[in-house]
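The values are calculated or read from the model by the stated rules, or taken from the named source; none is laboratory data. Since the structure is predicted, the reported quantities are computational estimates derived from the model, not experimental observations. Quick reminder, even Gly has a Cβ in these numbers, built from the backbone with ideal geometry, and neighbours come from all protein chains shown. Accessible surface areas use protein heavy atoms only, side chains included; no ligands, DNA or RNA. Shrake-Rupley method; radii C 1.70, N 1.55, O 1.52, S 1.80 Å.
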Amino acid sequence: MIKKLQALKAKKGFTLVELVVVIAIIGVLAAILVPTMMGVVQDSRITSANTSAQQVRDRTTEFFTKMDAAKASLTLTGDSSVIVKVTNGVWTMEKGAGALAFNNTDWLDKSSNTTGHWQDGSVDVSGTINGKDTLLLPYLADSLSDLKNAYIVIYINTSGKVVGVVSVDGSSDAPTGVTLPNAASFAAGRDNFASGGNNSTKAGVAGNVVVGTAPALTLGNP
């Protein structure tokens, strides 16, 4: 028993100086690594948003090609845009800026909107998706069903080409105070990604909002 007590007394713990040194080293490492990791997370979010925008662009282009092959070619009188909102898997579509005539005629073959190719109220990906072979919104919802929440703007030129897509992941509402890239941005290949009147310092980030683009835009005045 005496030998055990002597052995315990012989064991030494860390001194206060040693503990302070270890804590200081941990603090230095944290100061170096935390900003780096935050940048990695942000870059990952930008990549994800750009991927979503590219998928929307690809699927929309596929739909245009499909309708063109069916003799229902796109007819626009000017450059246009359409807004798609995804809220917990429910997709809705509305007119953006430009020459789209949602209230009167169909974009493709000038038929009525009730039987046209472009809109179908709302589409819930958790249920049966009707019209995915002839309507753009169900087509997008069916092919991109993994996208649950997003605010999307699709820019289309007069000839029916998708010139660019903006995708704000995580929210179905337009971000407050953020000036989203427009058709001129895609024509120039760059955007300021401005928020609150201030230009961003990083492409794909506007204030606290991550903005995906396809084609991906660089930072600069469009």
- From the list Gly116, Gly131, which one is in a loop (DSSP other than H, G, I, E, B), more than 17 Å from Gly160 (Cα to Cα), modelled with pLDDT under 90 and not polar (S, T, N, Q)? Gly131
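Only one of these is open to solvent by 40 Å² or more (accessible area, probe 1.4 Å) and either in contact with a helix residue (DSSP H, G or I) (Cβ under 8 Å, 6 or more places away or on another chain) or farther than 19 Å from Thr51 by Cβ (or both): Ala214, Ala187, Ala194. Name it.
Numbers: Ala214 fails: open to solvent by 40 Å² or more (accessible area, probe 1.4 Å); Ala194 fails: open to solvent by 40 Å² or more (accessible area, probe 1.4 Å).
The unique qualifying residue is Ala187.
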- Query: How do the pairs read when you match residues in region 199-222 that are touching a residue at least 40 places away in the same chain (Cβ under 8 Å) with residues anywhere that are surrounded by fewer than 18 Cβ atoms within 10 Å (Cβ to Cβ) and aromatic (Phe, Trp, Tyr), using Cβ under 9 Å and keeping only pairs 6 or more apart or on different chains?
  - Reply: none
- Message: Can you tell me which residue is modelled with the highest pLDDT among those in region 134-144 that are part of a loop (DSSP other than H, G, I, E, B) and open to solvent by less than 40 Å² (accessible area, probe 1.4 Å)?
- Response: Leu144
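Limited to region 119-128, what total is found for residues that are modelled with pLDDT of 85 or more and in a loop (DSSP other than H, G, I, E, B)? Talk me through it step by step, then tell me what you get.
Of the residues in region 119-128, the ones modelled with pLDDT of 85 or more are 122-128.
Cutting the leftovers down to in a loop (DSSP other than H, G, I, E, B) gives us 125-128.
Of the residues in that region, 4 qualify.
Could you check, for region 31-42, whether at least one of its residues is under 23 Å from Pro181 (Cα atoms), modelled with pLDDT under 75 and more than 15 Å from the chain's Cα centre (by Cα)? Spell out the reasoning first.
Within region 31-42, the subset under 23 Å from Pro181 (Cα atoms) is 39, 41-42.
Applying the additional criterion that residues be modelled with pLDDT under 75 yields 39.
So of that shortlist, the ones also more than 15 Å from the chain's Cα centre (by Cα) come out as 39.
Taking every residue of region 31-42 in turn, at least one turns out to be under 23 Å from Pro181 (Cα atoms), modelled with pLDDT under 75 and more than 15 Å from the chain's Cα centre (by Cα).
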- Check off (1) surrounded by fewer than 20 Cβ atoms within 10 Å (Cβ to Cβ); (2) within 16 Å of Gln42 (Cα to Cα); (3) of a type in the set (S, T, N, Q); (4) within 13 Å of the chain's Cα centre (by Cα) for Ser171 and give me the number that stays unchecked. (2)
- Checked against (1) at pLDDT below 90; (2) out of contact with any Leu (no Cβ under 8 Å at 6 or more places or on another chain), Thr158 satisfies every condition except (2)
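Condition check: surrounded by 15 or more Cβ atoms within 10 Å (Cβ to Cβ), out of contact with any Lys or Arg (no Cβ under 9 Å at 6 or more places or on another chain), free of Cβ contacts under 8 Å to residues at least 40 places away in the same chain and assigned to a loop (DSSP other than H, G, I, E, B). Does Gly160 satisfy that? If you could, list the steps in order and put the result at the bottom.
Values: surrounded by 15 or more Cβ atoms within 10 Å (Cβ to Cβ): yes; out of contact with any Lys or Arg (no Cβ under 9 Å at 6 or more places or on another chain): yes; free of Cβ contacts under 8 Å to residues at least 40 places away in the same chain: no; assigned to a loop (DSSP other than H, G, I, E, B): yes.
When the stated conditions are applied, Gly160 does not pass them.
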- Looking only at region 174-184, and only at residues there that are touching a residue at least 12 places away in the same chain (Cβ under 8 Å) and assigned to a loop (DSSP other than H, G, I, E, B), the one that is surrounded by the most Cβ atoms within 10 Å (Cβ to Cβ): Pro181
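Could you tell me which of the residues Leu76, Leu147, Leu100 is surrounded by 15 or more Cβ atoms within 10 Å (Cβ to Cβ) and at pLDDT 90 or above? Please lay out each step first, then the result.
Numbers: Leu76 fails: at pLDDT 90 or above; Leu100 fails: at pLDDT 90 or above.
Of Leu76, Leu147, Leu100, the one residue that is surrounded by 15 or more Cβ atoms within 10 Å (Cβ to Cβ) and at pLDDT 90 or above is Leu147.
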